[in-house]
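Student: Before we start, here is the structure in question, set down as structure tokens.
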Amino acid sequence: MADQKPAPRKGGDPAAFVQEYGPIAERIGSEIGVDPKIILAQFGQETGWGKSVIPGTYNLGNIKDPSGKGQRAYDKREKSNDAYLRFEDPEVFADYYVDFIKRMYPKAVGAGSDVNKFTTGLNQGVAGSYATAEDYPLAIRSAYSTVLKVRPEGEQENPFDRVQPPSAETLESASQGGGDMPERSRVTEDAPTIGAAVGLAKGVVERGADVYKPPSTAAAEEGLARAQDRFRIAQERLANPPASGVNIADLEAEFQRSQGVLQQAERDLADARSKAASFKPGAAPAATPPGGGGGIPTDAQNQRVQLGTVDEAGTTGRQRMGFNERTAAEAARREELARVQDELRRKGVLTDKNVLAEAPGMTTTKGGIQVPASAVYEDELAQRQADARTATERAAADAELERVKAEQKRASIEASQKRRAVDQARRAEQQTTQRATQNVARAEDAVAVAQAAADRAQKSGLSNIQKAGKYAAKAPVLANVAGGLGAGLSVDEAVKRYQAGDYSGSVLATIEAALATASMAPPVGPVGLAAKGVGTVGGLAMIPVMIAHDYFRKRGAWAEPEKAPQ
């Protein structure tokens, strides 16, 4: 039986807790690949820095006993009375904890100094999370910050956390080509790129902040798309008409109507875009007259579209209808002539060498068809032609009647839809005008406040700084890209100088990064202009300061303080 170890002393003091269990955390961290300070943070959070260790258990991680035979304790937060594992001493607990983490929370293994990776791994265990509290990762991060503040006496504070300066031997070896400088973190490597990207995005947003697109433009674009679809369908049907059941005259009339609708939609879109281009931020949008603009045609426009008028001086749809009827009659005559020729050939009256145009003794029937005078069925043929014309005229009249009814019905529907659309557009325009008026009033109040602030700033002697910020704000994309890139490069420079032991240069580079960040301030009001001016002028002023610093430092004008031994 192992010797009984004394119970842990009552804790509550992070410094004492770190000193007592630091060796245990070092051994655990080396075996699971986690920073010992993170292990100490978890144990400190679980035990209240040693104050709440269950007596006689040495269970620094408050690991429960699944068998239920362990030491029972009441959890005030979870309001539960569960059994916890008991260990002979902290060393035995450390052995179990290492095996427990590897088996149950493999994603937390190898987290190194990444607290987020370690806490994420504890939340994604084989049998669920390590703890039920939702703020458990936040609590560990808070405890980790406490551990970082607990430093042995004489240890220098490192402003870059875990980035430690290289030793003298490392610097000498690197200068002679015999070794490499310590690898920098990925954040510092990507800092210039990240800064430039942030500046570019911010500049683009500032430049496009005053773009305005009224609702009428979107409605006109949608109307043009519908008109283009209708015109394309009519064009395809006219070029490739169906085999039967469709009159060519109807296809031509539909093509003309769709063409008129398309031209009107193009004009509406041009008007809407012209209004949007002339719109000035802060001004109320012009009210759209009822029945005009916004993609809604007037009654006169609808009438011209229904009649198929191409332009104001063009041919009306009714005139084209007469032309189409003559075209259809001519097509019927040619079809009847072909039928008569086929019939005469079938009876032997006509042959390939005896066509109608060359046959002697030709005569014309009542239907206007030339046939040989010897044809015995001339009267019958004339009657058939008369019947065909009568049937064609009757069918055309019926089709015209149906078309007129359909047009009247469609016109009624379109008129009703137009009235509703006009009412909706009028209400929308009224609401938009009201909101715009309110916004203008607010903007005028804001301008008055800003003017007063500008007057105060003018009296306080900040006019030159504000002018510098105003000039920098005139090119937002270039200025913000330069500021973001300068901030990233300055952060990278600060890290490299600190690693090389140039602490004063690191401080100057940090100031340069802060000024570059200030140059990206939004140019809103006198304070924003002043901040942008200070960042721009100060960032430029740091360039000769850094050059002078390096010049005097190389000549030994001053010596950097030696770092305290670790």
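Read-outs: derived from the displayed coordinates by stated rules, not from any lab. Fair warning: this is a prediction, and the values are worked out from it, not measured in the lab. Here the Cβ positions follow ideal geometry from the backbone for every residue, glycine too, while neighbour counts run over all protein chains shown.
Student: Please rank I63, I248, fewest neighbouring Cβ atoms within 10 Å first, as an exposure proxy. Could you put the intermediate results ahead of the total?
Tutor: Numbers: I63 19, I248 13.
Ordered from fewest to most neighbouring Cβ atoms within 10 Å, I63, I248 come out as I248, I63.
Student: Expressed in nm², what is the orientationally averaged projection area of the convex hull enclosing the Cα positions of segment 85-129? Don't jump to the answer; show the numbers that get you there.
Tutor: Values: hull surface 13.8 nm².
The Cα convex hull of segment 85-129, projected and averaged over all directions, gives 3.4 nm².
Student: At 0.36 nm per residue, minus the direct Cα-Cα distance, what do D398 and S504 gain on full extension? Give it in nm, one decimal, please. Could you put the intermediate results ahead of the total?
Tutor: Values: separation 106, 0.36 × 106 = 38.16 nm, distance 9.91 nm.
Computed gain between D398 and S504 is 28.2 nm.
Student: Turning to a different aspect of this structure: In nm, what is the difference between 0.36 nm times the number of residues separating Q430 and A541 and their Cα-Cα distance? Let's see the in-between values first.
Tutor: Working: separation 111, 0.36 × 111 = 39.96 nm, distance 5.37 nm.
Working it through step by step, the gained length comes to 34.6 nm.
Student: Tell me which trypsin sites (Lys or Arg not before Pro) from segment 46-110 have a DSSP coil assignment and no more than 12 other beta carbons within 10 Å of their own. Write down the numbers at each step before the final one.
Tutor: Working: sites: K51, K64, K69, R72, K76, R77, K79, R86, K102, R103, K107; in loops: K51, K69, K76, R77, K79, R86.
Those satisfying the criteria are K69, K76, R77, K79.
Student: Please turn the phi angles of segment 445-452 into ³J(HN,Hα) values with the Karplus equation 6.51 cos²θ - 1.76 cosθ + 1.60 (θ = phi - 60°), one per residue in order, whole Hz, x for glycine and proline.
Tutor: The phi angles translate into 4, 5, 5, 4, 4, 5, 5, 4 Hz.
Student: Just order 249-260, 126-137, 534-545 by mean Cβ neighbour count inside 10 Å, highest at the front, would you? It would help to have the intermediate numbers written out before the result.
Tutor: Details: 249-260: 19.4, 126-137: 13.9, 534-545: 17.2.
Result, highest mean first: 249-260, 534-545, 126-137.
Student: List the residues whose amide H sits under 5 Å from the amide H of Q71, counting only those 5 or more places along or on another chain, with H placed 1.01 Å from N in the peptide plane.
Tutor: HN-HN under 5 Å from Q71: Y84, R86.
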